[in-house]
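Heads up: the structure comes next, in structure tokens.
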Amino acid sequence: MVTENRATVLAALKRGECDGLLPAACGFLDAFVGFLEEHGLLAHFEQFPDARRRRSIGPEFFCHILLHKALFRLDSLAQIGTVLFQSPDVLRRLGFNLRQVHEGFYHGSAQRPFNPEALADFFNGLREAQLGAHQEQLAAMLCRQFPVLADSGTAVLDANTTTLPAGHHGRPATQVKTCVLGLRGAGRLFPLLWDFTTRGVGEDADLTQGKRLVAAAKETLGPGALRRLLVDRGFIDGAWLSELKAEGVDTIIGLRENMALYEDMVGLCGLDDAQWLPADPPQLPHGPLPQRELCPLTDLNTWEACTVPLQGLVIRDTYPDRVQYQCLVSTDLGLTPRQLHRYARDRWSIEESFMDLTRYWGLDRLGSCRPAVGRAQIHFLLLAYTLLHLYDHETKAERAQGERLRPALVPGREITAYFGDHYAILLPSELVTIILDHHDAWARNREQLLAALRFCEGAPNPRAPD
């Protein structure tokens, strides 16, 4: 790893020795990588599972690359070489020093620092369970360090499907289903645990995946992190809701229209003594907003599979041309109707996160790859999304009002000078003063210095081995 050592770099510059000069990148990368390092997350990647026999490159480098592929919204592994690997400044922040960038990792090869095939081969050797186990450890660490994650004790479950296009050698298109458990905090949703299954190949149902995630959350996230679970109709299981209640976890869930309890609730809210409360309408992007009303119901006992008491809420949306109903039930009998309605709206946060991940993060635009590589990309995409939201939450008070995060390199006025495994940040006037005061040494090393500077500008590196 390259480290800051001003004295060493200044001494080298006075001798006319330098491995590179770059505009110091300000803003996001410096601050975000510092955030990761401060919380021990960079070191945590050193413990990432590794199925290789030969380990010339540490697993943390592969992890950093996929994490930043997601942050920079790169659509394919092939773009890594033309984006991340073309900027020595980006590479330094990913953990590669200038000598590795110049000379490559392998003797006799100009490949710097590895190619997309090596990256894909590394992740192709990992099983779903290995990704899950590492994420559980990281999730536990995050919960200990960021109280906002356990702020409300509310978790949300949902699943999303990503299609991996057909590829070379007759590899068919594959669908990877990802079930995600996110924690609510400070008005945000932080995806924290996820579970993969491949469509059509021993596929697990949403409920099976959800049960695995909730069991992992209860085991790893610590007391108080999971007190309430918000789920949709794909996770209906009365016996499971009863078990969760006995374990101290309340559930809020929407009912299917073909369920007897749904029909009973709609019937009860049609009685003369039914109480209807006005509520804020849903936020719809198009069309007229409905008039929304809530009808609370208690003592619901017609769901035979659920053996614990339930309260319910019927949501009625009246449009100019139709009326729509939603029915929710909860094992938490202490919630008011408006609280129950608010939690139901909170469940949409995971739908909105999936839309955000799909539209802006490329969750549905992964290039053709093997299923294990696709899972790894989704894994680091979700992790990058959560870490960025945690960073945004932690630094929001420090940023100017309305200033947004910019995951991009923005040149600053300082210059970063590199020598060996060290760097120093200088003002332009400092660098020019050194050059003028030691012009004889700079003149003697003119060709080597110009070669290093041209490489930093993006020209081929003449020092790279043939």
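Observations
- Residue tally, condition free of Cβ contacts under 8 Å to residues at least 40 places away in the same chain and over 18 Å from GLY248 (Cα atoms), over the stretch 137-156: 1
- Only residues that are open to solvent by less than 60 Å² (accessible area, probe 1.4 Å) and part of a strand (DSSP E or B) were counted in the stretch 139-168, giving 10.
- For the stretch 228-269, the tally of residues that are open to solvent by less than 60 Å² (accessible area, probe 1.4 Å) and assigned to a loop (DSSP other than H, G, I, E, B) stands at 8.
- Test: residue in the stretch 170-182 that is of a type in the set (Gly, Ala, Ser), at pLDDT 95 or above and touching a Leu at 6+ places or on another chain (Cβ under 8 Å): yes
- ARG171 more than 19 Å from ILE378 (Cα to Cα), crowded, with 18+ Cβ neighbours inside 10 Å and over 22 Å from the mean Cα position of the chain (by Cα): no
- Test: residue in the stretch 201-208 that is surrounded by fewer than 22 Cβ atoms within 10 Å (Cβ to Cβ), in contact with a helix residue (DSSP H, G or I) (Cβ under 9 Å, 6 or more places away or on another chain) and under 25 Å from PHE35 (Cα atoms): no
- Qualifying residue in the stretch 318-325 (condition: under 24 Å from LEU229 (Cα atoms), part of a loop (DSSP other than H, G, I, E, B) and touching a residue at least 40 places away in the same chain (Cβ under 8 Å)): no
- Taking the stretch 417-466 as the range and being modelled with pLDDT under 85 and of a type in the set (D, E, K, R) as the test, the residues that pass are ASP421, ARG454, GLU457, ARG463, ASP466.
- Filter result for PHE122 (at pLDDT below 75, open to solvent by less than 20 Å² (accessible area, probe 1.4 Å) and over 30 Å from LYS218 (Cα atoms)): no
- You will find that of THR298, THR307, the residue that is part of a strand (DSSP E or B), surrounded by fewer than 18 Cβ atoms within 10 Å (Cβ to Cβ) and among the hydroxyl-bearing types (Ser, Thr, Tyr) is THR298 and no other.
- Here the stretch 317-376 is the region considered, the condition is being among the hydroxyl-bearing types (Ser, Thr, Tyr) and open to solvent by less than 20 Å² (accessible area, probe 1.4 Å), and the residue that is farthest from ALA159 (Cα to Cα) is THR331.
The values are calculated or read from the model by the stated rules, or taken from the named source; none is laboratory data. Treat the numbers as computed from the prediction; the structure is a model and nothing was measured. Every residue, glycine as well, gets a Cβ built from its backbone with ideal geometry; the counts of neighbours run over all protein chains shown. Quick note on the areas: whole protein, heavy atoms, side chains included, nothing else; ligands and nucleic acids left out. Shrake-Rupley method; radii C 1.70, N 1.55, O 1.52, S 1.80 Å.
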